[in-house]
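Scroll down for the structure; my scribbles are underneath it.
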Amino acid sequence: MGWDAKDIALLNRLWSAGQSAAQIARRLGCSRNAVCGMLTRLGLKRGHKPPTATPKIRPPRKLSPTSPAACVRPVARKVSRNTAERRQPKEFSKQQLYSMLAEAVRNTG
């Protein structure tokens, strides 16, 4: 679509009146994407409304001395007894490994 000054003026007026890009496109007889592209080229923001809520910003919460985050000393890590006595994996011979593999192939077939 060729944009002339009259179309751009109408686009600006309809956009500032609050009409959507699809409504403006129907009025101008072009696609919605053409309207969105022209709005971008003109520097008009699409779909950015000012926030309606007014959030209340609270100051950060102060930690009490009994809070675990306020501890001076780090907590000692709990170590399991089993970590020292880890069991070694059972070692298999080559013959045992081949027989286990053959049995697995038979079971899957």
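Mind checking which pairs have a first residue in segment 19-48 that is surrounded by 14 or more Cβ atoms within 10 Å (Cβ to Cβ) and a second that is charged (D, E, K, R) and at pLDDT 90 or above, Cβ under 7 Å, 6 or more apart or different chains?
Close Cβ pairs satisfying both conditions: Ala21/Arg32; Ala25/Arg32; Leu28/Asp7.
Give the residues of segment 15-38 that are more than 32 Å from the chain's Cα centre (by Cα), in a helix (DSSP H, G or I) and at pLDDT below 90, sorted by residue number.
The answer is Ser16, and nothing else.
The values are calculated or read from the model by the stated rules, or taken from the named source; none is laboratory data. Bear in mind that the values here come from a model prediction, so they are computed numbers and not experimental data. Heads up, the Cβs are rebuilt from the backbone with ideal geometry, glycines too, and the neighbour counts pull from every protein chain shown.
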